[in-house]
């Protein structure tokens, strides 16, 4: 199973303040864990490329991209909202975070890879058409989906989001795009406090109450995601891989474990093998307790790479 680990040095120089939880240490923790678990030599490391303006404009308007470029400071940080800040490297990092997903699609569709994990930051699933928020600037997964459709003719794409926060940006950008199934689980009510939509047949929102654990999560996936996926038969799967629903991550109040992330990944791999020739692009979203993030991401990647049954 040819599985890539796609990242870029720019992803580690985007910073939003010394105490900000979405920090460069997240990527270092994941890579250190992969090395400790003996997985690193079994992956194919690739350096992401920046997404071009034309590629970004499949999702984000030109004026929004220009606005982010114009507000980039020469030094220090500039706030977009209380959680989301721009430093001199932010837009360049956001371009390669998006570009990692595009590269993953290209390599998989060319037959050079089977799957990819995009170890990128800033994350993307809160980014809306013309609004950065929730640590996100460009919607990495939505851009990957549109790239797969436009450049590779993929007719049916599934997006699976198990971050503890609802992927409001991905939902708003893809809900009306033909050929896309979007399934998500998240703590509710919770940030970003988006009204729940059930008005699209291919939009599967499964809110979980604070305090829910692994059995609740697995039941939600088994009862809603998996039947919808079997019926839809996607040709390519994208995962918004947020690990902040882990019980050690105190930014939220769900209680998943590494075993739950391995389980859901295994179920999605089975779906991919059935209808998508095994093709999966997974992209890092949340996860802020560094040891829990590292262990969870390693468990997820181990299954993606076919190294765990």
Does segment 139-157 contain any residue that is at pLDDT 95 or above, touching a strand residue (DSSP E or B) at 6+ places or on another chain (Cβ under 6 Å), farther than 15 Å from residue 239 by Cα and outside any helix (DSSP H, G or I)? yes
Before we move on, is residue 100 at negative phi, assigned to a helix (DSSP H, G or I), surrounded by 19 or more Cβ atoms within 10 Å (Cβ to Cβ) and modelled with pLDDT of 95 or more? yes
Pick from 192, 234, 201: which is surrounded by fewer than 17 Cβ atoms within 10 Å (Cβ to Cβ) and either in a helix (DSSP H, G or I) or under 19 Å from the mean Cα position of the chain (by Cα) (or both)? 192
Any idea which of 292, 297, 276, 245 is touching a residue at least 12 places away in the same chain (Cβ under 8 Å) and touching a helix residue (DSSP H, G or I) at 6+ places or on another chain (Cβ under 7 Å)? 297
Could you list, in sequence order, all residues of segment 50-87 that are buried (at least 17 other Cβ atoms within 10 Å of the Cβ) and under 15 Å from residue 100 (Cα atoms)? 50, 51, 55, 56
Within segment 71-97, residues free of Cβ contacts under 8 Å to residues at least 40 places away in the same chain and in a helix (DSSP H, G or I) come out as 71
Do you know which residues across segment 270-309 are in a loop (DSSP other than H, G, I, E, B) and within 17 Å of residue 113 (Cα to Cα)? 276, 277, 278, 279, 305, 306, 307
Within the bounds of segment 32-43, is there any residue that is in contact with a strand residue (DSSP E or B) (Cβ under 9 Å, 6 or more places away or on another chain) and loosely packed, with under 14 Cβ neighbours inside 10 Å? no
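The values are calculated or read from the model by the stated rules, or taken from the named source; none is laboratory data. Fair warning: this is a prediction, and the values are worked out from it, not measured in the lab. We place every Cβ from the backbone using ideal geometry, glycine too, and count neighbours over all the protein chains shown.
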